[in-house]
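**Q** One structure coming up, written as structure tokens, with questions to follow.
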Amino acid sequence: MRNQGNRERWSMEAEVEAAKKRCRELIEKIDCLDVATIKSNCKHTLLKLAHSEFSFLSRFPIHLASSQPLSVNLGHLEAIVYILQQPFITAVSRVCKPLPLSFSSKHKTLSAAASLNSIHVHIVCNLNKNPVWVIVSDRNPNYITWHSNNKTKGLKSRIQQVLDAAKSTNTLRPYSIILFFSNGLTIFNHQKLKDEFGASKLALEFSDSDFDFAEETEGEWVHVIPGMYKEACVLEIKVDHVVNNVISSEHEVKDSFLNVFPPEHQGENVNPNLGSSNSFSALLSQMKKVESTKMEDFSHDDDFINFDTTALIAIVSGISNGCAEELLNKPEVELRHRFKGNYDFVIAQAMSELQYPIHVNLSAAVSGKRGIICQSVLSEFKELVLMCGGANEKHRADQLLKCLLVVRDSPSERLIGLPTTRKLALKNKIVFGTGDYWRAPTLTANMAFVRAVAQTGMSLFTIEHSPRALTGN
């Protein structure tokens, strides 16, 4: 009996150590998640959960092994991080936290959603530019029941509750619900999801990334090479059961095309070299031409990028176009007189430019993309350049506008549906909402607005850039 007890103790010690090793590896994976994809508060949540698992394992009473089996949530967290590593996942705004719901009047009668103030989904993000909610399960598929019982909520009830919640809100409404069963799904449950909810296999291949974890087999942890999710079942349920309901459909492309503002100078020959830096010329040359605005040019897989005013200013600023070092070499008295209260702001930008040239940093974001701006941005940009821009900055502004497609202010329903507050100003909802309508990321330095949107639980595809000011160059 004593030898058997020792063997059980040693086996449990080895199991706990293996689990702790998995925890450490998981924490490293979370630390390496791309900050451009996932918000810092989401990483903090994941790290907190992973550290909590590690603390539990560190305190696990080995001497009670026979009466207290090891139970951890590592598999679930690993699956979530695996999803977050996929290249088609962007704009992660919420992870493993309840999503607050605000009901639209036309959906208040939905029974399941009407009794809830929030819904728990594991990931709120964009998948291929569409907002989605992701539900993750790492349970043994044989223990996932379709109907509820005294011990557990059935899969049907869980999915119905999430769908009702999704339909109850306009601002946080996802295009689809993604179901990720990391250990697969029984044929019965798979067919039920298909028949009752219209679930279909997600038409995307998940990469193995660089995951290298372990799994439990008959009480022992064994090493698993990349490919551990080869049995995973990934399904998509479109919230409104509407096929081709995104901008990629022919109908939506036509509707969006009607929102293209009649070009004033679009299509003119662009000569960015005159009086401009080489980096400015190179940046414009990497973008798709907008010389033709025929409807057939807007293919369903076209990549748009939406510029807000901060992005346009940053591109044409003298600081970004070879004047940073010249500014820093000028006498402080002269610069303080010139920039008044913005002196520290401008100097910091000039120093940043020398270390991180903004045209170089923006290159990857705009390369091969068709740039768009809405009417509101066009008006604000022209006004700022007219008031604060120098001759060279005005010339660059003129050249830049010839490379962009001007679209009407057409904010998406979900963005414009957010309450207008000091942090969620109407003008910003119009600018970012127009990008959202066109399924385009918005290039911006306005991170205060981006954070305010994220706090609502909405996933919004944005690309951050460092701010630059007009200098009168």
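The values are calculated or read from the model by the stated rules, or taken from the named source; none is laboratory data. Everything numeric in this text was worked out from a predicted model, so none of it was measured. Counting neighbours? That spans all protein chains shown, and the Cβs are built from the backbone with ideal geometry, glycine included.
**Q** Any idea how many residues of segment 313-338 are over 19 Å from TYR356 (Cβ atoms) and in contact (Cβ under 8 Å) with a residue 60 or more places away in the chain?
**A** Count: 1.
**Q** Under 17 Å from GLY435 (Cα atoms) and either in the same structural domain as SER281 (by TED's automatic domain parsing) or polar (S, T, N, Q) (or both): is that true of LEU335 in this structure?
**A** No, not satisfied.
**Q** What is the one condition in (1) over 30 Å from GLY322 (Cβ atoms); (2) in contact with a Ser or Thr (Cβ under 6 Å, 6 or more places away or on another chain); (3) not in a loop (DSSP other than H, G, I, E, B) that SER459 does not satisfy?
**A** Condition not satisfied by SER459: (3).
**Q** Taking only pairs six or more apart or across chains, which ones have beta-carbon atoms under 7 Å, a first residue in segment 381-393 that is farther than 15 Å from THR310 by Cβ, and a second residue that is surrounded by fewer than 17 Cβ atoms within 10 Å (Cβ to Cβ) and among the small types (Gly, Ala, Ser)?
**A** Close Cβ pairs satisfying both conditions: GLY390/GLY472; ASN392/GLY275.
**Q** Now, a different point. Give me a count of the residues in segment 133-170 that are more than 16 Å from LEU193 (Cα to Cα), more than 28 Å from the chain's Cα centre (by Cα) and among the basic types (Lys, Arg).
**A** So the answer is 1.
**Q** Here are the criteria: (1) at pLDDT 95 or above; (2) surrounded by fewer than 21 Cβ atoms within 10 Å (Cβ to Cβ). Tell me which single one ALA311 does not satisfy.
**A** Answer for ALA311: the failing condition is (2).
Results for (1) part of a loop (DSSP other than H, G, I, E, B); (2) in the same structural domain as VAL124 (by TED's automatic domain parsing); (3) buried (at least 21 other Cβ atoms within 10 Å of the Cβ), shown as yes or no for each residue.
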position	(1), (2), (3)
LYS382	no, no, no
LEU386	no, no, no
PRO411	yes, no, yes
LEU415	no, no, yes
PRO419	yes, no, no
LEU424	yes, no, no
GLY435	no, no, yes
ALA454	no, no, yes
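**Q** Please determine, by comparing only the residues of segment 346-370 that are small (Gly, Ala, Ser) and part of a helix (DSSP H, G or I), which one is surrounded by the most Cβ atoms within 10 Å (Cβ to Cβ).
**A** That would be ALA350.
**Q** Could you please find all residues in segment 20-35 being at pLDDT below 90 and β-branched (Val, Ile, Thr)?
**A** VAL35, the sole residue that qualifies.
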